[in-house]
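Contents: one structure, followed by commentary.
The values are calculated or read from the model by the stated rules, or taken from the named source; none is laboratory data. Computed from a prediction, not measured in an experiment: that's the story for all the values here. Cβ: placed from backbone, ideal geometry, glycine included. Neighbour counts: every protein chain shown.
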Amino acid sequence: MAWTLEGTYFENCSCDWVCPCTVTSFVSPATYDRCQVVLFYHVASGRIDDVDVSGLTVALVADAPAQMLDGNWRVGLVVDEAATQEQADKLVAVFTGQMGGPMSALAPLVGEVLGVERAPIRYQDDGLRHSVQVGDRMAVTVEDFVPPALGGQEPTRLAGVFHPSNRTVAIARPVSSRISAFGMEFHNEGRSAFSAPFSWTG
């Protein structure tokens, strides 16, 4: 059956600001030997096979080689503890690409699935500042970059990129970053970040 998800996303990775992987749609390698990234998706409204998943959040944690198109990504999912088992199963199916949609394009790059975990997730978004707390394992806050010389509240955006979230993403800077999940631990404060609304169907 058809499904649709709409909401907001942001990510934080270990590349120096601004991530060359995203800028070049994965053609250029990451800044360091590994790309360690977490992507947070908050579903403002959505239905998957007639199951309402509105208000739930998913975190995708990945560890990949610098040349991300080489594949062999190690990936784990954390699903909002507030989700029922049925809601969680549907979200996992979408976010692993099993039900088509944008994530299915990344599925061939995944070499190892680290698992699916559940945790309480608190997601906040005020337009330019985005933050999430995942139990006691992750706490990340990023701010969209607004050029001081231009004034106002319009962030710098990167357009025309291959990205599962949106073809246009706002460039952001991590204010704070602490990530511990699936045996991995990294701090990406001061590194690279992006944000965008997302609208998916499948």
Working only within segment 145-171, note down all residues that are buried (at least 18 other Cβ atoms within 10 Å of the Cβ), at pLDDT 95 or above and among the small types (Gly, Ala, Ser).
ALA170
Out of segment 100-130, which residues are more than 23 Å from TRP3 (Cα to Cα), surrounded by 15 or more Cβ atoms within 10 Å (Cβ to Cβ) and at pLDDT below 90?
LEU109
Just to verify a result, which residue in segment 163-192, among those that are of a type in the set (Gly, Ala, Ser) and in a loop (DSSP other than H, G, I, E, B), is nearest to GLY7 (Cα to Cα)?
SER165
Determine if segment 51-73 includes at least one residue that is at pLDDT below 90 and either under 24 Å from ALA119 (Cα atoms) or among the acidic types (Asp, Glu) (or both).
yes
Selection count, segment 131-158, where residues are under 17 Å from the mean Cα position of the chain (by Cα) and over 25 Å from ILE121 (Cβ atoms):
2
First in segment 164-186 and without any contact (Cβ under 8 Å) to a residue 40 or more places away in the chain and closer than 15 Å to ASP136 by Cβ, second anywhere and buried (at least 16 other Cβ atoms within 10 Å of the Cβ) and not charged (D, E, K, R), Cβ under 6 Å, 6 or more apart
SER176/THR141
Please indicate, with yes or no, whether at least one residue in segment 83-99 is touching a residue at least 24 places away in the same chain (Cβ under 8 Å), assigned to a strand (DSSP E or B), surrounded by 15 or more Cβ atoms within 10 Å (Cβ to Cβ) and of a type in the set (Val, Ile, Thr).
no
Out of all the residues in segment 25-34, which are more than 17 Å from the chain's Cα centre (by Cα) and closer than 21 Å to ASP144 by Cβ?
THR31
